[in-house]
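What follows is one structure encoded as C-alpha cells, with my remarks underneath.
All of the numbers you see were taken from the coordinates with simple rules; none came from a lab. Here the structure is a predicted model, which is why all the values come from computation and not from measurement. When we count neighbours, we look across all protein chains shown, and the Cβ atoms used for this are built from the backbone with ideal geometry, even at glycine.
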Amino acid sequence: MPAPDVLSGESAEPPSSRSEPPSRPGEPPDGSPPQPSNTNADPPVPAPAPFRAAWPWVLCVIGLDYLSTLAYQPSIAFGAAGRLAPLVTVLIALVTLGFALPVYCYIAGRSPHGGGSTALLERVVPGWFGKLLLLVLLAFGAVDLVFTRTFSTATAAEHLTFNPHPQWQQALDDATRWGDGARAGLPDWAKRRSDGLWHRQTVVSLVILVLSTATGLLFFRGYTRNFIRLAALTVLVYLAMTLVVIGSGVAYLVDHPKLIASWWADVWSGNWKPGAEAPSPGGWGALLGACIPLVPALCLGLSGFELTLMAMPLVRGRAGDDPERPHGVIRNTRLLLTLAAVTMSAYLLTSTLVTTVLIPPGAQEVNGQAKYRSLAYLAHGGTLSDGQPATEMNPVLGLTFGTAYDAATVAILALAGLSFALTLASWIPPYLNRLGMEFSWSVKLGVLAYLFLALKFVLIAYYATDIDAHRAAYLTAVLALFAFAALAATVDVWQRRAARGWRKALRVPPVFLLALATFGACTILVAWTRPVGAVVAGAFVALVLVLSVISRAWRSTEFRFEAFEFADKVTEHEWERLMAADLPILVPLRPGKHDLRAREIEVRTRHRIPGTLPIMFVLAEVADPSDFNQRPLVRIAREEGRVVIHITRCCSVAHAVAACALELAKTGGVPEVHFGWSVENPVTANLHFVLFGIGNVPWMVYTLIRRADVPDDRKPHVIVA
C-alpha cells in the first residue's frame, strides 16, 4: 500500500501523544531481544504413509462400478433403441473415447489429490456463484451415489429373483409362503400398509441391501487392502465369465452370418423396434438421425470416471513424486482411465451386438427372461433368435454356469454400490464441512452417510419394482456430473490461456466445449423425457442447498483460522518481536488510503492512549468471502515510521483481526483492539458479515475472542470509542 502523504511540520497531536512510537514495536525498553520459546518439546511423530496400490489393483476398484454396467446395459440398449442398439453403442464408445476420456485425463492432471472435478471447479470459479455451482455438483454427486446403490441392488435382485434353478425357486416360494403366513397374523392396518412392500423382488432387494451394508460396516474401513483384493477377485471372475458368454456369441455369429444379415436387413429397412411402425428407408443419414437422439438413454455405459478421480489417492506413483504435482500418480491414473475406457467400449460393443442379434425381441421385453439380464439369459442357455438353445454356442453354458454367472453378477453389483457408499462417506460430507456447510460433529458421527443409507432403504421400498425410475435418476446424475466436469475443464483451460496472453478466439478448447454441449444437452433431454429422474435429482439439490445455507449461517461465528503464513523472513522476525511486546495496541483500518499520522492522533486522543505505548495498524483485505477456513498471508511494513500489519487472503475481516490479536496474546502481553463506532444498520451489517466478510467488525471480533478456546486472562480486550 503506498504511504499516505504527510505535511511536514504539522503538529496537531495533543501533548500526551507527541512522542513517536518506539522504533521497534515489541522490543523491551532495555533493547534486549525477546526470549526464545521452549524448544525442548518432543519432536512430532511422523504420520503413517497413506495406503497406496499399483494402478492395476485400483483399476479393479474402478471396475466394480464401470464394468458392472454390463449386467444391465445391453438390455437397456435394446429397450431404448431396439435393433439400432449396436449402432447407438458405437456412438457411446465414440463419446467415451472422444469426450469423456480427454476431459477426465485433463482433470486428473489438474486435480491429482482425489478432489476430481469438484476441486477443479472450486478453484476456477471462486465466490458465491462458484460455491452455488459446487453445491449443485455435490447434490448431483449424492444422487449418483445413492441411485448407483439402489439401481445396482434392484438389478441384482432381478438376477436373483429370476434365476431358473429349481431349488432356488423352491426356496423363494417357501420364503414367500412363510412371509404370507406371518403377514396373516398382523393387524389389518399393518397388512394394508405392507401391501406395497410385500413383493418378492422388493424383499430380495432389501435383503441384498441389508447384507451388503452389514458387510461394509463389519469388514471395510475405506479402501483397505482386503477390499481391493476382494474387488480384484470379483472383477476378474465376472469379466472372465462375461468373456465366455460374449466370446461364444461372437463365434456363433461368425459361424452363422445369416443372423447378422437378417439383423442388418431389419435395420436398413427401418424395422428397428418390434411392433412399431417402420419409417421409410432413408440411408445412412436417416440411421444417424435416428441414433443420435437415443444416445442419452444409453449413457449409463459412461459411469465410473468420477469415481476414478476420487480414487486417485490410492494410486501408487513414483518414489520421487512432487507431493503438489505427483507426475507418477497422474500418469498411472491416465493409464488406468484409458485402459478402462477401451476395455469397457469393447465389452459394450460386442455384448450389445451379441444380445441384440441372438436374443429374440420378445424375451428382451419380458421380466424373468432377458429384461435387465440379457447376458445372464444367454449364460443360462436361453433360446436364441434362430430357435436353438444357447448351449449350441458353447456347451459350457446352461443352468450351472448361468447360476454361477448370476452369483458373480450379484457380487459385482453389490460391491459397486458399496464402493460408491465408501466414496460418499469420504467425498461429500468432508467437502461440505470444509465449506462450512455441514457441522463438524455430524461429519465425525457420519450423520449424512447414515441419512443417505436410510434414504436408500426408502427408495428401494418405494421403487423396487420400477427399475426404470432408479435408472432415470441415476442417468440424470451421471450426465450432470459429466457436464460439470467438462465445464470445469473448459473454464480452467480458458483461464490458463488467458494468463498466457492468448487471443480470445483461441482460448476455447474445442473438444471440451463440445463435450460440455453434448453432456449438457443429454442431461436436459433425459430430464425432459424422464421427469422422475429430474424431480428426484432436483429434490436432492434443493435439500442440499437449504441445509448448506442454514449450516453456513449457523457456523459463521466459528473461528475458521488455520495458521498465518508470512510473506518474507523480515515479516516473520517482526512478528516475533510483536509477540513479545508488553501491551500491543492494534488499530484496524478500512481498506483504502489513510493518513496514518492523523489516524494515530485521532486514536490516541479518543482512546486516551499515552504516547509511550506503540500502536500497530492492522489492514485486513478480503479475498474470497465465500471461503470458510482461512490461512491468511501476513506482511509487516513500516509506513511513515509506523508499523502496519497487512493481512491478505482473508475470507472475513473480523476473523483475521481476531486471529491476529489471539496469536499475539500467546506469549507477550495481552493486546488491546481499538475500534471506532459504526453507524451501520445491524441487519445490514450482519448480512455483510455473512456474505461479504466485512460487516459488523467490532462486535464480531469481540464475539470471536470471547468464544475462543483460550484462558480468560489471555483473551485480548476489544475497546470501542
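Run the reach check for Lys131 against lysines, Cα to Cα strictly under 22 Å, same-chain hits fewer than 8 apart removed. What comes back?
Within reach: none.
When every alpha-carbon pair in segment 558-720 is counted, what percent end up more than 20 Å apart? Intermediate results must be reported in sequence, preceding the final value.
Details: 6349 of 13203 pairs.
For segment 558-720, the share of Cα pairs beyond 20 Å comes to 48 percent.
Nearest 5 is fine: what % of DSSP beta bridges in the chain come out antiparallel, could you say?
Details: 8 of 29 bridges.
Looking only at bridges with both residues in the chain, the antiparallel portion is about 30 percent.
Which helices count as membrane-span-like in the chain under these terms: full DSSP H, at least 30 Å along the axis by C-alpha, Kyte-Doolittle mean of 1.6 or more?
Numbers: long enough: 127-161 (50 Å, 1.09); 225-255 (44 Å, 1.53); 327-358 (46 Å, 1.10); 399-434 (52 Å, 1.01); 467-499 (48 Å, 0.87); 531-554 (34 Å, 1.99).
Helices meeting the criterion: 531-554.
Which entries in the list Lys273/Lys456; Lys273/Lys371; Lys569/Lys666 go over 25 Å, if you measure between the two C-alpha atoms of each?
Working: Lys273/Lys456 34 Å; Lys273/Lys371 15 Å; Lys569/Lys666 20 Å.
Too far apart for the 25 Å limit: Lys273/Lys456.
Just to confirm a number: summing +1 for Lys and Arg and -1 for Asp and Glu over residues other than Thr213 whose beta-carbon lies under 11 angstrom from that of Thr213, what do you get? Write out the running numbers ahead of the final one.
Working: positive: Arg149, Lys456; negative: none.
Local charge sum for Thr213: +2.
Report Rg(Cα)/(2.2 N^0.38 Å) for segment 310-462, keeping two decimals. Don't jump to the answer; show the numbers that get you there.
On the way: Rg = 22.0 Å, N = 153, 2.2 N^0.38 = 14.9 Å.
Against the compact-globule rule of thumb, the ratio is 1.48.
Give me His646, His655, His159, His607 ranked fewest to most by other Cβ atoms within 10 Å of their Cβ, as a rough exposure proxy. If you can, show how the numbers build up before the last one.
Values: His646 20, His655 28, His159 23, His607 17.
So the ranking, lowest neighbour count to highest, is His607, His646, His159, His655.
Cα atoms only, segment 465-512: Rg and Dmax in Å?
16.7, 57
Using the number of other C-beta atoms within 10 angstrom as an exposure proxy, rank Phe482, Phe692, Phe227 with the fewest first.
On the way: Phe482 28, Phe692 15, Phe227 20.
Going from sparsest to densest Cβ surroundings: Phe692, Phe227, Phe482.
If only Cα atoms are counted, what is the Rg of segment 520-585, and what is its Dmax, in Å?
My reading of the Cα-based Rg and Dmax gives 24.8, 71 Å.
If you take the Cα atoms of the chain, find Rg, then find the Kirkwood Rh from the mean of 1/r over all pairs, what is Rg/Rh? Walk me through the intermediate numbers first.
On the way: Rg = 32.5 Å, Rh = 29.6 Å.
Answer for the chain: 1.10.
Taking the Kirkwood radius as the inverse of the mean 1/r across Cα pairs, report the Rg/Rh of segment 224-353.
1.12
Taking amide H positions as placed 1.01 Å from N in the peptide plane, with prolines and chain starts having none, which residues 5 or more places from Leu619, or on another chain, fall under 5 Å of its amide H?
Leu589, Ile645, His646, Ile647
What's the whole-number percent of alpha carbon pairs in segment 444-552 lying beyond 23 angstrom? It would help to have the intermediate numbers written out before the result.
Details: 2835 of 5886 pairs.
When every Cα pair of segment 444-552 is considered, 48 percent fall beyond 23 Å.
Around Asn367, with a cut-off of 13 angstrom between Cβ atoms, what is the net charge of the other residues, counting Lys and Arg +1 and Asp and Glu -1?
Working: positive: Arg200, Lys371, Arg373; negative: Glu158, Glu365, Asp466, Asp468.
Net charge in that neighbourhood comes out at -1.
Which value in Å is the Kirkwood Rh of segment 72-120 over different Cα pairs? Mind dumping the intermediate values first?
On the way: mean 1/r = 0.0797 Å⁻¹.
Result for segment 72-120, one decimal place: 12.5 Å.
Can you check what the net charge comes to around Ala53, using other residues whose Cβ is under 14 Å from the Cβ of Ala53 (Lys, Arg +1; Asp, Glu -1)?
Numbers: positive: Arg52, Arg225, Arg229, Arg316; negative: none.
Local net charge: +4.
Under 23 Å between alpha carbons, and skipping anything fewer than 8 positions from Lys593 in its own chain: which lysines qualify?
List returned: none.
Provide Ile359, Ile585, Ile601 in ascending order of the number of other Cβ atoms located within 10 Å of each residue's Cβ, fewest first. Please report the intermediate quantities before stating the final value.
Working: Ile359 25, Ile585 21, Ile601 18.
Ascending number of Cβ neighbours within 10 Å: Ile601, Ile585, Ile359.
Enumerate by residue number the GluC sites (Glu not before Pro) in segment 244-347 meeting two conditions: DSSP loop (anything except H, G, I, E, B), and at most 12 other Cβ atoms within 10 Å of the site's Cβ.
Working: sites: Glu277, Glu306, Glu324; in loops: Glu277, Glu324.
For GluC sites (Glu not before Pro) across segment 244-347 that sit outside H, G, I, E and B with at most 12 neighbouring Cβ atoms in 10 Å, the list reads Glu277, Glu324.
Per DSSP H run of n ≥ 4, the term is -39500 (n - 2.57); total these for the chain, divide by its residue number, and report the mean residue ellipticity at 222 nm rounded to 500 deg cm²/dmol. Walk me through the intermediate numbers first.
Values: 28 runs with 430 residues, N = 721.
Theoretical 222 nm ellipticity from helices: -19500 deg cm²/dmol.
With unit charges on the beta carbon (Lys/Arg positive, Asp/Glu negative), name the residue among Ala261, Gly98, Leu513 whose Cα is farthest towards the positive pole of the charge dipole of segment 74-555.
Result: Leu513, furthest along the dipole toward the positive end.
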